[in-house]
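The structure under discussion appears below in the form of structure tokens.
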Amino acid sequence: MTYPLRAGEHMMIEIWGHTLDPVTEDLIRRNGIRAVCLFRKNIDSFAQTQALVQKLRDIMGEHALIAIDQEGGAAVRAWFLPLGPSAMCLGAADDEQLAERVGEATAHGLAALGINWNFAPVLDLNNNPRNPIVGERSFGADPVRATQLALAWQRGSLRGGVACALKHFPGHGDTDVDSHLALPIVDKPRAALEQYELAPFALALPESPSLMTAHIVYPAFDAERPATLAPSILTGLLREEWGYQGVVISDALNMKAIRDVYGQPAGAVMSLQAGADMVLVMADAAETQATVDAVQTAIEQGALDAAALRTSRQRLQEMAARFPSQPHAYTPSQDARDRAVMLQGWLRGLTLHGNAQRPHPGQKIRLLVAREVPGDGVSEAGIRGQELVEALAPHFPLDVVQYEHVSELDWQQLPQDGLFTVLASTGRERYTASQQHWQPDLHLVLWNPYQANDIDAPALISYGFHPEALQACISWLKGDCEAPGRMPAPLAAAA
């Protein structure tokens, strides 16, 4: 049976609020768009999000794909659901069964909302401590072990009814540039890539329904175009050499690595030409429509292969049928069971760096913490300083020093009165060389584990700051648990 080829079937778009505005609804209907990605700006509560998803599903039909980034750790959007440990926390726990339970617990709440596609788990490897975008989102540095844990997490998600997208193919680990801001390059011979960056994807793809591309240039395959736009990678390597038959979606085309170089309309056409099945377009209604029109024109002029698009449509249909969007109840008892799983993950991942010592029971603590930590476009905002104060205050008397930015904290001006001093690092930003002489009694690393290498002090590393992560940290501080995790990646670059 033949059918008209429509650009909208190969596009995922963003929407702008907690409800579907008339302009966007019209854009979806007119263009036959079948996929939407939800972000924090779209999400206010369980009931509101479920109603929004139901509305989208009613408009887009039974093969709708509703996506989200709910990796765990700081990279989550639906904050009211049980929040899983970051990948690196699970890498530190090093337990496949635990990773699988966390993946399933993550899926339970998403599936109840009607979200059927989660852009996780991350298969990027932690081989560059200065990577600004991966960090705790990776399961570790070892290609085999990181993949085993990621696959376990994915098995849980699939069992819970939510498709996964491995990311960011062919590997974002060895970069020190954020592709949201510029175009990174990983200039390694193909043999080196196959042994490291590519290895997790080669191992994991047979079990994965989809993957997301990276906006990174790999000169071993294409000297100019990033993987998202490179036929030699998305078709030559992925389809022809590896035989992958799952769905390929681009990372967001509004990232500067694409938008500033090619523009979203041209980038969308190039990505589909390269072998993507769907492109993620993030823009206002006018730019989104311009991108739809560019793809539709490419279809009508034969610049996009009709047979390839029909195969892509079939892949998308099959994944949507396997993981239907079906909003349903999420019972309090299931929520409680899932939160218990998440807490276990946070507890098992707690990691000590150096000879970390607890304060004595009831000992007064001087707590140094930022008032606010903004999000960075990928991860959400860090914990507010007052939230940490409120979490610790029932257990320890506190002398609190809050600051707007870590650069304004003058270590030399702190009272030299012998108080047990805790520096709480609640953001992703690394410390500078001038700050490395600071010597708190304990460095509480609540987000970026690599900060433990920046300060010459013993540390407790949680890999995250959500309530269950704080509960785990407080349990350790009180002496109610140990910190059994083992860092799954080197904190410093090899000499």
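Every read-out reported here was derived from the displayed coordinates using simple, explicitly stated rules and does not represent laboratory data. Computed from a predicted structure; not experimentally measured. Cβ atoms come from the backbone with ideal geometry, glycine included; neighbour counts cover every protein chain shown.
Can you tally the net charge around residue 267? Count Lys and Arg as +1, Asp and Glu as -1, for every other residue whose Cβ sits under 13 Å from the Cβ of residue 267.
For residues surrounding residue 267, the net value is 0.
Give a residue-ordered list of calculated ³J(HN,Hα) values for the range 283-288 (Karplus: 6.51 cos²θ - 1.76 cosθ + 1.60, θ = phi - 60°; whole Hz; x for Gly, Pro).
5, 6, 4, 5, 5, 4
Skipping prolines and chain starts, which residues have an amide H placed within reach, meaning under 5 Å, of the one on residue 166, given they are 5 or more residues away or on another chain?
Answer set, sorted by chain and number: 210, 211, 212.
Compute the long axis of helix 22-31 from its Cα atoms, compare it with the longest principal axis of the Cα atoms of the chain, and write down the angle in degrees, 0 to 90, nearest 10.
On a 0 to 90 degree scale, this one is about 50.
By the scheme Lys and Arg +1, Asp and Glu -1, what is the net charge of all other residues having a beta-carbon under 12 Å from that of residue 467?
My count for the surroundings of residue 467 gives -2.
Give me the dipole magnitude in Debye, nearest 20, for the range 43-98 about the Cα centre, with unit charges on the beta carbon: positive for Lys and Arg, negative for Asp and Glu.
Using only the charged Cβ atoms, the result is roughly 320 debye.
What does the highest-first list of 73-81, 291-299 look like by mean Cβ count within 10 Å?
Those peptides, ordered most packed to least, come out 73-81, 291-299.
Please give every one of the lysines within straight-line cross-link reach of residue 256, meaning a C-alpha to C-alpha distance under 27 Å, and leave out same-chain neighbours fewer than 8 residues apart.
41, 167, 188
Let me have the 222 nm mean residue ellipticity of the chain computed from DSSP H runs of 4+ only, each contributing -39500 (n - 2.57), with the sum over all residues rounded to the nearest 500.
-10000 deg cm²/dmol
Could you work out how far helix 467-477 tilts from the main Cα principal axis of the chain, as a 0 to 90 degree angle to the nearest 10?
30
Near residue 56, within a Cβ-to-Cβ distance under 14 Å, what is the net charge of the other residues, with Lys and Arg +1 and Asp and Glu -1?
-2
Name the residues whose placed amide hydrogens come within less than 5 Å of the amide hydrogen of residue 399, ignoring near sequence neighbours (fewer than 5 apart) on the same chain.
Residues meeting the amide H criterion: 365, 366, 367.
Got a sec to turn the phi values of the range 92-106 into Karplus ³J(HN,Hα) couplings, 6.51 cos²θ - 1.76 cosθ + 1.60 with θ = phi - 60°, whole Hz, x for Gly and Pro?
Computed from phi, the couplings for the range 92-106 are 5, 6, 6, 9, 5, 5, 5, 4, 5, 5, 5, x, 5, 4, 4 Hz.
In degrees between 0 and 90, to the nearest 10, how far off the longest principal axis of the chain does helix 306-322 point, with axes built from Cα atoms?
Roughly 50 degrees, rounded to the nearest 10.
Hey, which lysines would be in cross-link range of residue 364, C-alpha to C-alpha under 24 Å, not counting anything within fewer than 8 residues on its own chain?
Answer for residue 364, where 24 Å is the Cα cut-off: 478, listed by chain and number.
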